[in-house]
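Here it is, the structure, as structure tokens.
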Amino acid sequence: MSTQILVQSQMEQFAKLLASQGLIDASKVGDATAQAQLMLSQMNFAPPKAKRAAKIVAVEDRCCARVWGDGSGKDQCKSSKCEGSKFCKRCARNFEKCSTPMTRKDGKRFGLYLGTIETPISELIFDATSGEIAMAWKNEESRAIVAQALADGTSYHPSTREYKSANRVKSDKPKAPRKKKTKAPKAKRTPNAYMLFLNKNRPHIKAGLVEAGVDTKVSAVAKAAGAQWKQMSTEEKQPYIDEANKLKADAKAAVVVNTTPEPSPVVPVVVSKDDNTEEADLSQFDRNDELVDIMLNGINNDGSIDPNAQPVAKTSEEVDQDGNDDVLVVSAEMLSEDEDDELEVEPHTLADGTEVLKSDDNELYNKDTFELLGTWNADTNSLA
């Protein structure tokens, strides 16, 4: 209050000083003083309360009641014990209510629940009434006792976290079904202009190689076809380019109309087994060969090699890397996704111990070179 009177007096003197210097009208000094008094009456001049310093009590002077603390069982009440007693005021009242540890009344802890610091841990685990596990201390002695009790069929007390966790009731509220993510349908792959040309002209190219006395393996036919394609003019290639573009557009349109469209027309490169040519083993090809690049990397409509295009064929090593160890693909895997053009074989041992590869139509192939050996005789398990 004295501080408020002092400040009020100083403000009145200040108002009179301003009036004597002509800075404010002398008739307004009373109004300024009244306003100052009003402001001072709303201000709090009470001194701040001093913070009480934390009192650290020596161990020998502390209450001997045990508390949970960090769960180790070694924590003791931090309050000072009363004169003539070994407890503080609060713990002394709890001790007077009930001195038996682990006692409950109306489902709640009652009395000096955790006993004293001298009470053995083994006496502070089981509920005094039901004998159930009511306290699991974080020390080896307690863990061993609890483990043995559980093995003997003792259960946890309903108040413990372990009991509540094991008996948690699941909510009956229906859960909203998860929305299945639907993948956007993709258009079927279609052959490019070069593949259409190769499929159409392969018989003529092969016939020319036969007349010239040249080998008619798949690699030789592909080489000749690639050379012929490169020599063709843009006008000569245009029909194949137009057909490839039409097939591609039809495949995209089918996806828009129907999410499960019928397979778009695909013209695969056929590796016929009716002729005397050997089945293709692309691992024998020279990857530096330009025509091999066409087979393995694909070719654009303008005839240029496209390393980013879908591969027309795979080598036997690439098939092995795909993880299919039981089946070896010995024919060229063409651009079409139709697997009817692939020849699948499986390892087989003949009666004389020879290891070969046998196809579904009982034809036998050399397991190393994939050369056609002949037909399998099922009765004698030998080469017919």
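Sort out which residues of segment 35-70 are surrounded by 10 or more Cβ atoms within 10 Å (Cβ to Cβ), more than 53 Å from the chain's Cα centre (by Cα) and of a type in the set (Gly, Ala, Ser), and write them in order of number.
Of everything in segment 35-70, just one residue is surrounded by 10 or more Cβ atoms within 10 Å (Cβ to Cβ), more than 53 Å from the chain's Cα centre (by Cα) and of a type in the set (Gly, Ala, Ser), namely ALA36.
Looking only at segment 223-251, count every residue that is acidic (Asp, Glu) and under 13 Å from PHE197 (Cβ atoms) and tell me the total. Outline the logic, then answer.
First, the residues of segment 223-251 that are acidic (Asp, Glu): 235-236, 242-243, 250.
Going one step further and asking which of them are under 13 Å from PHE197 (Cβ atoms), we end up with 236, 242-243.
Residues that pass the stated criteria total 3.
Further question: If a residue must be touching a residue at least 12 places away in the same chain (Cβ under 8 Å) and under 23 Å from THR160 (Cβ atoms), how many such residues does segment 54-73 contain? Lay out the reasoning, then the answer.
Of all residues in segment 54-73, those touching a residue at least 12 places away in the same chain (Cβ under 8 Å) come to 55, 57, 59, 61-68, 70-73.
Still in the running and under 23 Å from THR160 (Cβ atoms): 65-68, 70-73.
Qualifying residue count for the region: 8.
Turning to a different aspect of this structure: Report, ordered by the first and then the second residue, all pairs with beta carbons closer than 8 Å, sequence separation of six or more or different chains, a first member in segment 185-205 that is over 19 Å from ASN245 (Cβ atoms), and a second member that is not hydrophobic (A, V, I, L, M, F, W, C).
PRO185/THR259; PRO185/THR260; PRO185/PRO261; ASN201/GLN228; ILE205/GLN228
Restricting the search to segment 101-122, which residues are under 19 Å from PRO158 (Cα atoms) and surrounded by 12 or more Cβ atoms within 10 Å (Cβ to Cβ)?
Looking only at segment 101-122, we keep the residues that are under 19 Å from PRO158 (Cα atoms), and these are 101-110, 113-114.
Listed by number, the residues that qualify are PRO101, MET102, THR103, ARG104, ARG109, PHE110, TYR113, LEU114.
For ALA15, state whether it is outside the structural domain of HIS157 (by TED's automatic domain parsing), surrounded by 15 or more Cβ atoms within 10 Å (Cβ to Cβ), at pLDDT below 80 and out of contact with any Leu (no Cβ under 6 Å at 6 or more places or on another chain). Don't jump to the end; show me each part of the working.
Values: outside the structural domain of HIS157 (by TED's automatic domain parsing): yes; surrounded by 15 or more Cβ atoms within 10 Å (Cβ to Cβ): yes; at pLDDT below 80: yes; out of contact with any Leu (no Cβ under 6 Å at 6 or more places or on another chain): yes.
So ALA15 passes the test.
Go through segment 23-34 residue by residue and tally those that are surrounded by 10 or more Cβ atoms within 10 Å (Cβ to Cβ) and polar (S, T, N, Q).
1
Here's something else I'd like to know. Could you list, ordered by first residue, the pairs with Cβ atoms under 7 Å in which the first is in segment 23-52 and farther than 18 Å from LEU6 by Cβ and the second is surrounded by 11 or more Cβ atoms within 10 Å (Cβ to Cβ) and of a type in the set (Lys, Arg), at least 6 apart or interchain?
VAL29/LYS16
Based on what the data block shows, is ILE5 within 30 Å of ARG109 (Cα to Cα), without any contact (Cβ under 8 Å) to a residue 60 or more places away in the chain and loosely packed, with under 12 Cβ neighbours inside 10 Å? Write out each step before concluding.
Working: within 30 Å of ARG109 (Cα to Cα): no; without any contact (Cβ under 8 Å) to a residue 60 or more places away in the chain: yes; loosely packed, with under 12 Cβ neighbours inside 10 Å: yes.
It is false that ILE5 is within 30 Å of ARG109 (Cα to Cα), without any contact (Cβ under 8 Å) to a residue 60 or more places away in the chain and loosely packed, with under 12 Cβ neighbours inside 10 Å.
Output the residue which, of all residues in segment 208-223 that are part of a loop (DSSP other than H, G, I, E, B) and either without any contact (Cβ under 8 Å) to a residue 12 or more places away in the chain or not assigned by TED's automatic domain parsing to the domain that holds LEU198 (or both), is nearest to GLU371 (Cα to Cα).
The initial filter retains those residues of segment 208-223 that are part of a loop (DSSP other than H, G, I, E, B), namely 212-217.
So of that shortlist, the ones also either without any contact (Cβ under 8 Å) to a residue 12 or more places away in the chain or not assigned by TED's automatic domain parsing to the domain that holds LEU198 (or both) come out as 212-215.
Values: ALA212: 23, GLY213: 21, VAL214: 19, ASP215: 15 Å.
Here the residue is ASP215.
Next question. Tell me, which residue of segment 84-100 that is assigned to a loop (DSSP other than H, G, I, E, B) and buried (at least 16 other Cβ atoms within 10 Å of the Cβ) is farthest from the chain's Cα centre (by Cα)? Quick ask: steps written out before the conclusion?
Start the filter on segment 84-100 by keeping residues that are assigned to a loop (DSSP other than H, G, I, E, B), which leaves 84-88, 98-100.
Subsequent filtering for residues that are buried (at least 16 other Cβ atoms within 10 Å of the Cβ) retains 86-88, 98.
On the way: LYS86: 58, PHE87: 56, CYS88: 55, CYS98: 55 Å.
Per the criteria, the residue is LYS86.
If you check ALA227, ALA184, ALA253, ALA249, which single one turns out to be at pLDDT 85 or above, farther than 30 Å from PHE370 by Cβ and among the aliphatic types (A, V, I, L, M)?
Working: ALA227 fails: farther than 30 Å from PHE370 by Cβ; ALA184 fails: at pLDDT 85 or above; ALA253 fails: at pLDDT 85 or above.
Unique residue meeting the criteria: ALA249.
Could you figure out which of (1) of a type outside the set (Gly, Ala, Ser); (2) modelled with pLDDT of 80 or more; (3) out of contact with any helix residue (DSSP H, G or I) (no Cβ under 8 Å at 6 or more places or on another chain) isn't true of LEU209?
(3)
The values are calculated or read from the model by the stated rules, or taken from the named source; none is laboratory data. Small disclaimer: the values here were computed from a predicted structure and weren't measured. Note that each Cβ is placed from the backbone with ideal geometry, even for glycine, and that neighbours are counted across all protein chains shown.
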